[in-house]
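The values are calculated or read from the model by the stated rules, or taken from the named source; none is laboratory data. Owing to the predicted nature of the structure, the values given are computational and were not obtained by experimental measurement. Positions of Cβ are backbone-derived with ideal geometry, glycine not excepted, and every protein chain shown enters the neighbour counts. We work out accessible area using only protein heavy atoms, side chains counted, and drop any ligands, DNA or RNA first. Shrake-Rupley method; radii C 1.70, N 1.55, O 1.52, S 1.80 Å.
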Amino acid sequence: MKTETRIFLADDHPLLREGLRKVIEREAGMVVVGEADDGEQALALIDESHPDVAILDVEMPKMGGFEVARAIRERRLPVEIVFLTMHRDEDIFNKALDAGAKCYVLKDSAVIEIVGCIKAAVKGEHYISPSVSSYLVNRSARAGALSRLMPTLQELTDTEQRVLRLIADYKTSKEIASHLGVSHRTVENHRTNITNKLGLRGTHALLKFALEHKSELP
């Protein structure tokens, strides 16, 4: 019967890795079997060291945490994924889930939460930093309030909603067209339709609306 949990740490901040390693190795039955400061090195060493849990920074040089996680899944490595991030952004959270992770920890609370998170990961359970959970719940409430205030928001098609979210990320029409795989003219038509449905008027009104309500958009 397995007596220890093997953990791999990948983050490009040495001080954070050191802090996490010290906390983890104070816990009976947990051992850090390797570390990396970029994604390519992390993937290679995870393949060699056979950890039970890989703690991956979302943003790393050479290869981001999501790319590493996808490669781990493609190689069918039996590793549970924990993502470390500074972001409370829902899009990034959803990408973490899509990449096969059940555990998502904010860096500013990682030292406190990491042991509990690892224990959950080993059991195949989900773990989300409480502050992220609160943010997602509050975001849902804000989105509902915005929809009641502006019911025409619900009239937007799925594609128009995606365009609106991309506008909120400061994407140009050309970048949105590339992202969606459509023509520049199609994006401009979507922008016009959104503006009309929401009753927006004035120069840059759509961009202003998207930025002001970014965290509440459906």
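Restricted to segment 28-45, and to residues there that are over 21 Å from the mean Cα position of the chain (by Cα) and of a type in the set (A, V, I, L, M, F, W, C), the residue that is surrounded by the most Cβ atoms within 10 Å (Cβ to Cβ) is Met30. Could we say that Gly124 is at pLDDT below 80 and either β-branched (Val, Ile, Thr) or open to solvent by less than 70 Å² (accessible area, probe 1.4 Å) (or both) here? When the stated conditions are applied, Gly124 does not pass them. Give the residues of segment 1-27 that are touching a Pro at 6+ places or on another chain (Cβ under 8 Å) and either in a loop (DSSP other than H, G, I, E, B) or open to solvent by less than 20 Å² (accessible area, probe 1.4 Å) (or both), sorted by residue number. Within segment 1-27, Ile7, Phe8, Asp12 qualify. Test Ala71 against the criterion of being within 19 Å of Gly39 (Cα to Cα), open to solvent by less than 30 Å² (accessible area, probe 1.4 Å), at pLDDT below 85 and under 17 Å from the mean Cα position of the chain (by Cα), and give yes or no. Answer is no for this residue. Scanning segment 175-193 for residues that are within 27 Å of the chain's Cα centre (by Cα) and touching a residue at least 12 places away in the same chain (Cβ under 8 Å) yields a count of 6. Considering segment 173-218, and only residues there that are surrounded by 16 or more Cβ atoms within 10 Å (Cβ to Cβ) and of a type in the set (D, E, K, R), the residue that is farthest from His87 (Cα to Cα) turns out to be Lys197.
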